[in-house]
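Everything on this sheet refers to the single structure shown next.
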Amino acid sequence: MSLLSVVVPCYNEEENVSFFYEELMKVQDFFSERQVELEVLYVDDGSRDNTVAEVKKLREKDGRVHLVSFSRNFGKEAAMFAGLENAQGDYVVIMDVDLQDPPSLLPEMYGYLQEGYDSVATRRVSRKGEPPVRSFFARMFYRLMKKISRTEIMDGARDYRLMTRQMVDAILSMQEYNRFTKGIFGWVGFRTKWLEYENIERAKGETKWNFWKLFIYSLDGITAFSTVPLMLASVVGVVFCVLAFVMILFIIIRKLLFGDPVSGWPSLVCIILMTSGVQFFCTGILGQYLAKTYMEVKKRPHYLVREKL
Ligand code: UDP
Ligand code: MG
């Protein structure tokens, strides 16, 4: 027998917990026929509703249901990390509890692992049901990442991914505090099969992400997997030096040929505003990386457990 661990991060998802369980159990026969046992590991990310109680109810009925409950909300990244750390399985899959990651894909995904792939990843090919502004910026983010990062980060990639134990251990060996799992998956490599599906709207409840949260998350992604912005400061610096040199030549020659009529206050102000803007921007970039380094150096735990069953 081998074991498949299903890791499910939950934050205020009382309506979805048992609904998800029922949907998942629809594929249970497929796996038991193939000598694969299931375990379901709900990671409660500091929910303030009855999520924990719902999981405990399931656990009374079915001993294969496990719970790790955080002392507060640490974010989905921390929840996924805790799930991977606590999963016992030979295979591990990460799934959202809102059924946006359809369990019906699991048999097909498992099939690819048997063919020799180390991981089977999923991506959405459409973003229907999402606000257009959000989709637009999401696309921009992936386009930018493709240019500035050497790590492969797929547009529309989800965290829904089935992995072998070997790949899970590789991911766990990356202990960084600022986690951006979509990048970490790409960074560790291994043979990955991509499955595509149409976006599915969440079963019940509401999304935990708003535009601002996603924007901050995208900055995490950039600082975690690219140092190109840091180089930007040097490039801009060089460009400005060249410009300054040309200007100096121009001014000297003009002075020699035409004398020096005192004028040019507006252009001077524009130049000062522009260069100080660029300077602030570059200092801001430095600040971003410094802040990340600061958090990294503190070596705080990724999450704190309040209860574990
Ligand atoms: N989630 C979490 N911690 C958070 C936010 C979300 O564990 O701080 C979980 C949530 O319960 C869900 C998954 O992450 O299972 C995806 O969240 P959501 O559906 O809100 O995101 P979306 O699908 O809209 O991107
Ligand atoms: Mg969702």
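Would you call residue 131 more than 15 Å from the chain's Cα centre (by Cα), under 29 Å from residue 284 (Cβ atoms) and crowded, with 18+ Cβ neighbours inside 10 Å? No; evaluated as a whole, the condition is false for this residue.
Residue count for the range 8-65 satisfying the condition of being surrounded by 18 or more Cβ atoms within 10 Å (Cβ to Cβ), more than 26 Å from the chain's Cα centre (by Cα) and under 16 Å from residue 205 (Cβ atoms): 1.
Annotation: residue 278 fulfils all but one of (1) modelled with pLDDT under 85; (2) over 30 Å from residue 221 (Cα atoms); (3) in a helix (DSSP H, G or I); (4) among the aliphatic types (A, V, I, L, M); the unmet one is (2). Considering every residue within the range 248-262, establish whether at least one is surrounded by 14 or more Cβ atoms within 10 Å (Cβ to Cβ) and β-branched (Val, Ile, Thr). Looking through the range 248-262, none of the residues is surrounded by 14 or more Cβ atoms within 10 Å (Cβ to Cβ) and β-branched (Val, Ile, Thr).
Scanning the range 186-203 for residues that are among the β-branched types (Val, Ile, Thr) and away from ligand 2 (no atom under 16 Å from the Cβ) yields 188, 192. If you go through the range 204-218 and keep only what is within 11 Å of ligand 2 (Cβ to nearest atom) and of a type in the set (Ser, Thr, Tyr), you end up with just 207. Scanning the range 81-98 for residues that are hydrophobic (A, V, I, L, M, F, W, C) and touching a helix residue (DSSP H, G or I) at 6+ places or on another chain (Cβ under 6 Å) yields 84, 92, 94, 97.
Could you pull out the residue among 84, 58 that is within 11 Å of residue 7 (Cβ to Cβ), more than 12 Å from ligand 1 (Cβ to nearest atom) and assigned to a helix (DSSP H, G or I)? 84 is the lone residue from the list that is within 11 Å of residue 7 (Cβ to Cβ), more than 12 Å from ligand 1 (Cβ to nearest atom) and assigned to a helix (DSSP H, G or I).
The values are calculated or read from the model by the stated rules, or taken from the named source; none is laboratory data. As the structure is a prediction and not an experimental result, all values here were calculated from the model. When we count neighbours, we look across all protein chains shown, and the Cβ atoms used for this are built from the backbone with ideal geometry, even at glycine.
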